[in-house]
Amino acid sequence: MSPDELVYLGILAASIPVGFLFRYLSPPVKQGAALLLGLIISIATCGIHTLHSFFTVLGTWLIIKISWRNAPALSLGWTFLYLLFFRLVTWFGLPQPTPFANAIQLLLTLKMVSLANEVQSYHLEKKKEVSDFTKSPVVGGLSHEPSLCDIISYSYCYVGIMTGPFFRYQTYADWLQQSSPLSLPGKEPCLQRLKMVPVYGALFIAVNFVFPLSYVRTEEFLEHNYFYRFFYMVAIFFVFRMRFYSAWCGAEAGCISAGLGCYPQGALSKPGGGPTVKYSPDPDTVVEYDFKTIQNIDCYNTDFCVKVRHGMRYWNMTVQWWLHHYIYPNAPFRAYALRAGWTMLISAYWHGLHVGYYLSFLTIPLCIAAESAMEASVRARLGPKGQNIFDWIHWFLKMRAYDYMCMGFVLLKASDTINYWSSIYFIIHIIAVVCIGVGQMMKGGKKRERREQGEGEKQDVVREKAE
């Protein structure tokens, strides 16, 4: 493990026991202590680069104060432009930010855009209440516009400050105002989330030792046979998954110990978004709680869901919620594959400027188009047994597609990514294009059959009339 990874591990490990202590604090003390601890972590790991996140917060607050109505679009433009400056600071003679500063900046970008949308919704619903004389039916809406102090406290809350998960301002406000945090579940769900972390961590270390990423960049690697080169991406993606499974399960445990994102199961909470329905439990019934709001990874479904599009749904779930609510609906396209492509382009930009991100993320829409074509033209014609076989083949190809795309994500450079993909003959791109072609041909054949069938029926009708 690198020194940076050890720092992340230390912060994650410390946040879990600290979280249980926060359950004893009153709302004002909890807010101040969470802010103080977050600032200590930020300054200790980022130093002077903490100013980047502070300027981002200050700029968003000014946007909200000046024009709450246009705040969502303006805040998205502001935070994403600042990300560009943040990544190109060396061009302006400024020092390169630390990896920790980058992690904080990424999560802060999500928070600020979400906050702007929440404030806009608050004002729109408030105006609607005044004009209609009815209380807003919106679930999880703000009760007041956050002050600058509130926004800073939310931005630098120690929970998930560098590792996530993303959570909305309303989730943060609900956490501060919990009436009896000590009575909420904590120890059992926390242990449940941590039980597989040692396994994930051990597998990450072991497989990473046997299959180091750096070996892919050597000339010696290219001398191996095709199947070895192909299998290597399977191992690399396995290491990638184990690393993030460990980190995100640990980050969720830190939220659980503090009680952040704890809502009644009846509220039907969504990862990242929180409650979706207003829930008023019966006083005589026992209320069951969950932490769906801060769930960032579904390890089982990430590995065993069948479709490429579903694989995205179970990975980095809170960020997927953010993309689905703030980027996907505003895409300048109507077709699903194109909208998905636009969303993936924004996601790639959010992750960084390395070409490998774009090569990887923009392969996803191609894979989605391929699986959609095959489902419509092949699977739809099969019986139950045939569909089951189709799904197993689909799952296998889905995993290989993510193995393939992961290489661009971790190699980063365009040259390294293209060199690796060319060493396995761009196999996933070729399979995707072939699937789309086969789907189109079978779709055309099906239309021709229907047309011929329709013409035959017309001829039968004419013949019957003639007789």
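Residues checked against (1) open to solvent by 50 Å² or more (accessible area, probe 1.4 Å); (2) of a type in the set (Val, Ile, Thr); (3) closer than 30 Å to PRO185 by Cα:
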| site | (1), (2), (3) |
| --- | --- |
| TYR8 | yes, no, yes |
| GLN31 | no, no, yes |
| GLY38 | no, no, yes |
| TRP61 | yes, no, no |
| PHE80 | no, no, no |
| PHE86 | no, no, no |
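Which helices (runs of 4 or more DSSP H) sit wholly inside the stretch 305-358 and have at least 1 residues that are among the polar types (S, T, N, Q)?
Working: elements: 308-313, 317-326, 336-351.
Of the helices (runs of 4 or more DSSP H) lying wholly inside the stretch 305-358, those with at least 1 residues that are among the polar types (S, T, N, Q) span 317-326, 336-351.
For the stretch 252-270, which positions are of a type in the set (Gly, Ala, Ser), within 11 Å of GLY19 (Cβ to Cβ) and in a helix (DSSP H, G or I)? Don't jump to the end; show me each part of the working.
The first filter runs over the stretch 252-270 and keeps only residues of a type in the set (Gly, Ala, Ser), leaving 253-254, 257-259, 261, 266-267, 269.
Right, trim to within 11 Å of GLY19 (Cβ to Cβ) and you get 253-254, 257-259.
If the condition is that a residue be of a type in the set (Gly, Ala, Ser), within 11 Å of GLY19 (Cβ to Cβ) and in a helix (DSSP H, G or I), then ALA253, GLY254, SER257, ALA258 are the ones that fit.
Which one of these does SER280 not meet: (1) more than 27 Å from GLN31 (Cα to Cα); (2) open to solvent by 10 Å² or more (accessible area, probe 1.4 Å); (3) without any contact (Cβ under 8 Å) to a residue 40 or more places away in the chain?
The failed condition is (1).
Restricting attention to the stretch 169-204, which residues are among the polar types (S, T, N, Q) and either touching a Cys at 6+ places or on another chain (Cβ under 8 Å) or buried (at least 17 other Cβ atoms within 10 Å of the Cβ) (or both)?
Of everything in the stretch 169-204, those that are among the polar types (S, T, N, Q) and either touching a Cys at 6+ places or on another chain (Cβ under 8 Å) or buried (at least 17 other Cβ atoms within 10 Å of the Cβ) (or both) turn out to be GLN170, THR171, GLN178.
Could you give me the residue pairs with C-beta distances under 6 Å whose first residue belongs to the stretch 217-233 and is modelled with pLDDT of 95 or more, whose second residue is surrounded by fewer than 16 Cβ atoms within 10 Å (Cβ to Cβ) wherever it lies, and which are 6+ apart or on separate chains?
These pairs meet every condition: PHE221/TYR215.
Counting only residues that are over 25 Å from LYS292 (Cβ atoms) and either aliphatic (A, V, I, L, M) or buried (at least 19 other Cβ atoms within 10 Å of the Cβ) (or both), how many does the stretch 326-343 have? Please lay out each step first, then the result.
Restricting attention to the stretch 326-343, the residues satisfying the condition of being over 25 Å from LYS292 (Cβ atoms) are 330-339, 341-342.
This time we only want the ones that are either aliphatic (A, V, I, L, M) or buried (at least 19 other Cβ atoms within 10 Å of the Cβ) (or both), so: 331, 335, 337-338, 341.
Total meeting the criteria: 5.
For the stretch 205-220, check the following and say yes or no: at least one residue is β-branched (Val, Ile, Thr) and touching a Leu at 6+ places or on another chain (Cβ under 8 Å). Please lay out each step first, then the result.
In the first step, residues of the stretch 205-220 are kept if they are β-branched (Val, Ile, Thr); the result is 205, 207, 210, 216, 218.
Among the residues that remain, those that are also touching a Leu at 6+ places or on another chain (Cβ under 8 Å) are: 216.
Scanning the stretch 205-220 turns up at least one residue that is β-branched (Val, Ile, Thr) and touching a Leu at 6+ places or on another chain (Cβ under 8 Å).
Hey, among the residues in the stretch 373-413 that are without any contact (Cβ under 8 Å) to a residue 12 or more places away in the chain and of a type in the set (Gly, Ala, Ser), which one's surrounded by the fewest Cβ atoms within 10 Å (Cβ to Cβ)?
Selected residue: GLY383.
Among the residues of the stretch 161-219, which ones are assigned to a loop (DSSP other than H, G, I, E, B) and of a type in the set (A, V, I, L, M, F, W, C)?
Kept after step one, since they are assigned to a loop (DSSP other than H, G, I, E, B), are these residues of the stretch 161-219: 161-168, 177-180, 184-186, 195-196, 211-212, 218.
Within the stretch 161-219, ILE161, MET162, PHE166, PHE167, LEU184, MET196, PHE211 qualify.
Test LEU176 against the stated conditions and say whether it is more than 23 Å from the chain's Cα centre (by Cα), touching a residue at least 12 places away in the same chain (Cβ under 8 Å) and closer than 26 Å to TRP68 by Cα. Reasoning before the result, please.
Values: more than 23 Å from the chain's Cα centre (by Cα): yes; touching a residue at least 12 places away in the same chain (Cβ under 8 Å): yes; closer than 26 Å to TRP68 by Cα: yes.
Here the answer is yes, as LEU176 does meet what is asked.
Kindly provide the set of residues from the stretch 208-252 that are more than 18 Å from the chain's Cα centre (by Cα) and over 23 Å from LYS413 (Cβ atoms), ordered by number.
Initial filter on the stretch 208-252 (more than 18 Å from the chain's Cα centre (by Cα)): 208-236, 238-239.
Matches in the stretch 208-252: PHE209, VAL210, ASN225, PHE227.
Test each condition in (1) closer than 23 Å to GLN178 by Cβ; (2) modelled with pLDDT of 95 or more; (3) open to solvent by 60 Å² or more (accessible area, probe 1.4 Å) for GLN295 and report the one that comes out false.
GLN295 satisfies all of (1) closer than 23 Å to GLN178 by Cβ; (2) modelled with pLDDT of 95 or more; (3) open to solvent by 60 Å² or more (accessible area, probe 1.4 Å) except (3).
Working carefully through the options ALA44, ALA73, find the one that is closer than 22 Å to TRP322 by Cα and open to solvent by 40 Å² or more (accessible area, probe 1.4 Å).
One residue alone meets the criteria, ALA73.
Would you check if ASN117 is open to solvent by 40 Å² or more (accessible area, probe 1.4 Å), closer than 21 Å to PHE167 by Cβ and within 23 Å of the chain's Cα centre (by Cα)?
Numbers: open to solvent by 40 Å² or more (accessible area, probe 1.4 Å): no; closer than 21 Å to PHE167 by Cβ: yes; within 23 Å of the chain's Cα centre (by Cα): yes.
No; evaluated as a whole, the condition is false for this residue.
Would you confirm whether any residue within the stretch 310-325 is crowded, with 22+ Cβ neighbours inside 10 Å, of a type in the set (Phe, Trp, Tyr) and either touching a strand residue (DSSP E or B) at 6+ places or on another chain (Cβ under 9 Å) or on the phi > 0 side of the Ramachandran plot (or both)?
Yes, the stretch 310-325 contains at least one residue that is crowded, with 22+ Cβ neighbours inside 10 Å, of a type in the set (Phe, Trp, Tyr) and either touching a strand residue (DSSP E or B) at 6+ places or on another chain (Cβ under 9 Å) or on the phi > 0 side of the Ramachandran plot (or both).
Quick check on this structure: which one of TYR232, TYR263 is in contact with a His (Cβ under 9 Å, 6 or more places away or on another chain) and farther than 14 Å from THR318 by Cβ? It would help to see each step written out before you state the result.
Values: TYR263 fails: in contact with a His (Cβ under 9 Å, 6 or more places away or on another chain).
One residue alone meets the criteria, TYR232.
The values are calculated or read from the model by the stated rules, or taken from the named source; none is laboratory data. Note that the structure is a prediction, hence the values are computed from the model and not measured. Backbone-built Cβ (ideal geometry, glycine too); neighbour counts: all protein chains shown. Areas reflect the complete protein model, heavy atoms only, side chains present, ligands, DNA and RNA absent. Shrake-Rupley method; radii C 1.70, N 1.55, O 1.52, S 1.80 Å.
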